[in-house]
Amino acid sequence: MKGREPMNLLFLCTGNTCRSPMAEAIALNLLRRDGGFSGTAVTSAGLAAFPGDGATPAAVRVCEAHGLDISGHRSKALTTDLVAASDHIYTMTLAQAAQLRQILPQAAARIEPLSPQGDIADPFGGSDDTYQRTYEQIEAAIKARLDEWKMNQ
């Protein structure tokens, strides 16, 4: 299989403690499993993150149940450097994408919601079952994007 061009992917949510760290881990896992995305960089950040916060305990547990370790994750805020370095910027909601496009018109073409089905609800403060449903939504959206990335390579 011919290797694909490396990409820089950025996943955004509000606090960078639930959805976007989960998306980062899921994407890294799926990209590694595919094998054709060598060199692709994946990161996450938050639109209102407090830098240095860990992933929520429920996010850690749900990811761990799927063989993914996000226990060492530390949140970071969105920066212009992250935006400039990203080929694709995926938000968790339609409103986040719209807001970012207004704030960052130079990057508007690279900003879109992760799920074409709509918003991925914020599980913050919810049960492990809530986090599991969020995990499943994120995983399905990333699998759909993986097919899209393959076609565009």
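For the pair the stretch 1-65 and the stretch 94-136, the centres of their Cα atoms are 13 angstrom apart. What part of the accessible area of the chain, given as a whole %, is carbon or sulfur when the probe is 1.4 angstrom? Here carbon and sulfur together make up 52 percent of the probe-accessible area.
Give the value in nm², to one decimal: projected area of the alpha carbon convex hull of the stretch 21-60, averaged over all directions. Can you show the working numbers first?
Working: hull surface 13.9 nm².
Convex hull of Cα atoms, orientation-averaged projection: 3.5 nm².
Across the stretch 75-153, the volume of the C-alpha convex hull divided among the residues equals 110 Å³ per residue. Label-to-label distance, Asp34 versus Gln106, with points set 7 angstrom from Cα along the beta-carbon direction: 2.8 nm.
Each residue, Phe50 and Arg133, gets one label point 7 Å from its Cα in the Cβ direction; the gap between the two is 2.7 nm.
In terms of its C-alpha gyration tensor, the stretch 1-79 has an oblate overall shape, because the principal axis ratio a/c (a ≥ b ≥ c, square roots of the eigenvalues) is not below 1.5 and a/b does not outweigh b/c.
Step by step: find N for the stretch 1-134, compute 2.2 N^0.38 Å, then divide the Cα radius of gyration by it. What's the final number? Don't skip to the end; give the middle numbers.
Details: Rg = 14.4 Å, N = 134, 2.2 N^0.38 = 14.1 Å.
It is 1.02.
Ratio of Rg to Rh for the stretch 111-153: 1.07 [Cα atoms; Kirkwood radius as inverse mean 1/r over pairs].
Starting from 0.36 nm per residue, how many nanometres of slack lie between Gln117 and Ala85 once their C-alpha separation is accounted for? Display every interim value, and only then the final one.
Numbers: separation 32, 0.36 × 32 = 11.52 nm, distance 2.65 nm.
Taking 0.36 nm per residue and subtracting the Cα distance, the gain is 8.9 nm.
Estimated from helices alone, the mean residue ellipticity of the chain at 222 nm is -13500 deg cm²/dmol (sum of -39500 (n - 2.57) over DSSP H runs with n ≥ 4, per residue).
Summary value for the chain: 27 percent relative contact order, contacts being C-alpha pairs under 8 angstrom separated by 6+ residues.
The values are calculated or read from the model by the stated rules, or taken from the named source; none is laboratory data. On a predicted model such as this, the values are computed, not experimentally measured, just so you know. Note: ideal-geometry Cβ built from the backbone for every residue, glycine included; neighbour counts use all protein chains shown. These area figures cover heavy atoms from the full protein model, side chains too; ligands, DNA and RNA do not enter into them. Shrake-Rupley method; radii C 1.70, N 1.55, O 1.52, S 1.80 Å.
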